[in-house]
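To start, the structure under review is shown below, and the notes come after it.
The values are calculated or read from the model by the stated rules, or taken from the named source; none is laboratory data. Since this is a predicted model, take the numbers as computed values, not measurements. Neighbour counts run over all protein chains shown; Cβ positions are idealised from the backbone, glycine included.
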Amino acid sequence: MSDTHTASGGKTSVWTKHQVFEKNSIFLLIGILVMISIGGLVEIVPLFYLKSTIEKVEGVRPLTPLELAGRNIYVREGCYNCHSQMIRPLRDEVERYGHYSLAAESMYDHPFQWGSKRTGPDIARVGGKYSDDWHRDHLRNPRSVVPASIMPGYPWLETTALDTAHIDMDMRVLAIEGVPYTKDMIEAAVSDVKTQGSAEDSLTAPFLKRYPKAITRELGGVQGRLTEADALIAYLQQLGTQVDFKLYDDKANIR
Amino acid sequence: MEQKTSAPADKSAVPQSGVGTTGHSWDGIEELNNPLPRWWLWSFYACIVWAVGYWFFYPAIPLVSSYTKGFLGWQSRTQIEIDMAELKDLRSGMTTKIEAAELADIEKNPELLSFARAQGSAAFAVNCAPCHGAGAQGFKGYPNLNDDDWIWGGKAEDILTTIKHGVRWDQDSNSRSGVMPAFGRDGILNRKEMATVADYVLTLSGLPVDKGADLSAGKALYAANCAACHGDAGKGNQEMGAPNLSDKVWLYGSDKAAIMERITIGGGGVMPAWSNRLDTATMKSLAVYVHTLGGGK
């Protein structure tokens with residue numbers, strides 16, 4: 001590279017000036033940083049203050065400690081690689097999966113699990129679609145119930161005891177990120193895991209006060225026999241069920 | 001490798017191709033400086049112009065308290081409302097008839113029946129097939145819907161009730177309920193008693209039993225513990241969802257071990273209620289579809 005080249009026979013055009021960036025990696029790097037910063041400022045920052053992007057919706061609550069533990073397993077096993085949690089406002093998706101997802105429905109998800117690829121179906125509204133037993137069979141060996149499924153089996157989930165040693169710390173971190181976990185919720189975390197995994201008892205009422213409409217069921221919580229599969233199922237069974245779409249007004253939020 | 005031809009040292013046109021080089025030279029190999037193809041370049045400019053148009057016609061640029069709405073006033077949320085309303089209109093000719101008609105009348109009317117079966121078949125594939133199988137053949141623990149052996153009733157109306165409210169679904173107070181006690185786990189019967197009664201249950205449908213099985217003791221245990229729901233002759237009771245034990249259809253398997261397992265843990269299958277998820281016409285179509293699979297009563 002001994003001499004500079006001009007594309008159009010020596011005439012200095014804007015394209016020749018651009019060669020400064022093309023031929024000097026530091027300038028190129030700075031140029032890229034400036035452009036991306038402008039894009040980020042214009043496209044991302046307004047999402048934090050524009051009213052239309054921070055719609056509050058009745059019914060959305062933070063995950064219970066058991067559901068949160070299930071969510072951690074969901075993330076750990078990489079479920080998001082094949083399953084999205086984002087029903088787009090398109091006719092075919094609404095027909096198949098139900099009401100399109102609202103931003104508010106993942107407002108307490110850090111990070112959100114919208115996903116970007118559907119090797120399996122979307123599961124934003126899988127809660128209440130199948131029985132707990134079906135989820136158990138399906139997680140153990142998907143082909144036992146869906147012969148054409150290509151999902152791998154996760155048989156170890158139902159043989160691994162659920163570790164709740166750090167669940168209160170998870171909640172504390174999420175609280176820093178803005179999830180409204182109260183001190184009361186964090187202190188009761190380990191006991192709430194058991195309560196949600198047990199048949200109704202004296203602890204159920206205070207638990208439901210903390211997490212309205214959460215589903216409690218007998219999963220062996222009292223005996224401390226909760227497994228990772230139980231937590232994951234508790235998480236899956238609440239997906240997309242928090243907002244009551246019989247009450248939700250689609251038009252009220254069109255701005 | 002030995003160089004056969006020497007590239008021109010300057011950047012004037014290369015004789016073979018008619019264009020100059022970039023001036024880069026690596027081991028004597030030089031890079032031609034061909035211009036971008038015209039069609040590509042013009043497509044690129046056209047895309048930029050299109051993007052500018054997009055800014056004006058669609059919601060695009062965030063501002064301080066709102067964002068530019070675009071001349072078309074397009075919103076994804078209004079668009080989906082329009083799309084779904086169109087779809088409803090498109091189908092309403094048939095769906096309103098299905099909503100109004102009795103299930104029996106739908107099955108008598110060939111036009112309604114064919115629509116209901118088509119709609120039912122599509123809804124079945126999305127919602128029911130994961131448990132009951134793509135061909136409604138069922139799996140262990142999930143009933144086959146093609147046969148005439150019904151746990152909660154095989155009339156079209158019964159099937160519709162089951163679809164609407166589910167089975168043992170605790171979030172629906174009208175759900176089908178009826179839970180078999182866990183005779184083994186809860187210590188109502190000991191292991192020997194369970195084996196004895198399992199032998200007797202096998203005989204109800206004519207299945208072979210081990211030599212030396214104490215059938216009279218089994219019969220007595222059956223009468224005391226099982227007959228209240230499953231009936232004296234094991235014919236079952238659809239009111240309680242107690243399966244018929246005297247036929248050849250087995251939900252959890254017909255071997256002694258499978259029967260003992262059920263006696264041990266009791267319970268029963270769970271089916272979600274669909275009334276929150278599906279509209280009336282879809283549920284009725286599903287009921288008609290399942291009822292006409294072959295085993296409907």
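I'm checking my understanding of the structure. Among residues of segment B:120-137 that are under 30 Å from B:Gly266 (Cβ atoms) and touching a residue at least 60 places away in the same chain (Cβ under 8 Å), which one is nearest to the other protein chains (Cβ to nearest Cβ)?
Out of the qualifying residues, it is B:Cys131.
For the structure I just gave you, tell me whether B:Met180 is under 24 Å from B:Leu103 (Cβ atoms) and either among the hydrophobic types (A, V, I, L, M, F, W, C) or within 14 Å of chain A (Cβ to nearest Cβ) (or both). Lay out the reasoning, then the answer.
Details: under 24 Å from B:Leu103 (Cβ atoms): no; either among the hydrophobic types (A, V, I, L, M, F, W, C) or within 14 Å of chain A (Cβ to nearest Cβ) (or both): yes.
When the stated conditions are applied, B:Met180 does not pass them.
Out of (1) within 14 Å of another protein chain (Cβ to nearest Cβ); (2) under 23 Å from the mean Cα position of the chain (by Cα), the odd one out for B:Arg117 is which?
Against the list (1) within 14 Å of another protein chain (Cβ to nearest Cβ); (2) under 23 Å from the mean Cα position of the chain (by Cα), B:Arg117 comes up short only on (1).
Are there any pairs, at least 6 apart or on different chains, whose C-beta atoms fall under 8 Å, with the first in segment A:74-100 and within 10 Å of chain B (Cβ to nearest Cβ) and the second of a type in the set (Phe, Trp, Tyr) and surrounded by fewer than 18 Cβ atoms within 10 Å (Cβ to Cβ), and if so, which?
A:Gly98/A:Phe245; A:His99/A:Phe245; A:His99/A:Tyr248
Would you check which residues across segment B:89-145 are within 13 Å of B:Leu293 (Cβ to Cβ) and outside any helix (DSSP H, G or I) and list them?
Result: B:Gly133, B:Ala134, B:Gly135, B:Ala136, B:Gln137, B:Gly138, B:Pro143, B:Asn144, B:Leu145.
Touching a Ser or Thr at 6+ places or on another chain (Cβ under 6 Å), free of Cβ contacts under 8 Å to residues at least 12 places away in the same chain and within 14 Å of chain B (Cβ to nearest Cβ), is that true of A:Pro142?
On the way: touching a Ser or Thr at 6+ places or on another chain (Cβ under 6 Å): yes; free of Cβ contacts under 8 Å to residues at least 12 places away in the same chain: yes; within 14 Å of chain B (Cβ to nearest Cβ): yes.
It is true that A:Pro142 is touching a Ser or Thr at 6+ places or on another chain (Cβ under 6 Å), free of Cβ contacts under 8 Å to residues at least 12 places away in the same chain and within 14 Å of chain B (Cβ to nearest Cβ).
Answer yes if at least one residue in segment B:55-63 is at pLDDT below 90, over 37 Å from the mean Cα position of the chain (by Cα) and surrounded by fewer than 10 Cβ atoms within 10 Å (Cβ to Cβ), and no otherwise.
Among the residues of segment B:55-63, at least one is at pLDDT below 90, over 37 Å from the mean Cα position of the chain (by Cα) and surrounded by fewer than 10 Cβ atoms within 10 Å (Cβ to Cβ), which makes the answer yes.
Among the residues of segment A:127-155, what is the count of those that are buried (at least 21 other Cβ atoms within 10 Å of the Cβ), part of a loop (DSSP other than H, G, I, E, B) and either outside the structural domain of A:His83 (by TED's automatic domain parsing) or out of contact with any strand residue (DSSP E or B) (no Cβ under 8 Å at 6 or more places or on another chain) (or both)?
Here the count works out to 3.
Any idea which of (1) away from chain A (no Cβ under 14 Å); (2) of a type outside the set (Lys, Arg); (3) in contact with a helix residue (DSSP H, G or I) (Cβ under 9 Å, 6 or more places away or on another chain) is the one B:Phe56 doesn't satisfy?
Condition (3) is where B:Phe56 drops out.
Which members of segment B:114-127 meet the condition of being out of contact with any Phe, Trp or Tyr (no Cβ under 9 Å at 6 or more places or on another chain) and buried (at least 18 other Cβ atoms within 10 Å of the Cβ)?
B:Phe115
Considering only residues of segment B:257-297 that are within 21 Å of the chain's Cα centre (by Cα) and charged (D, E, K, R), which is surrounded by the most Cβ atoms within 10 Å (Cβ to Cβ)?
B:Lys284
Looking only at segment B:186-201, decide whether some residue is out of contact with any Cys (no Cβ under 7 Å at 6 or more places or on another chain), within 14 Å of chain A (Cβ to nearest Cβ) and either β-branched (Val, Ile, Thr) or more than 20 Å from B:Ile263 (Cα to Cα) (or both).
no
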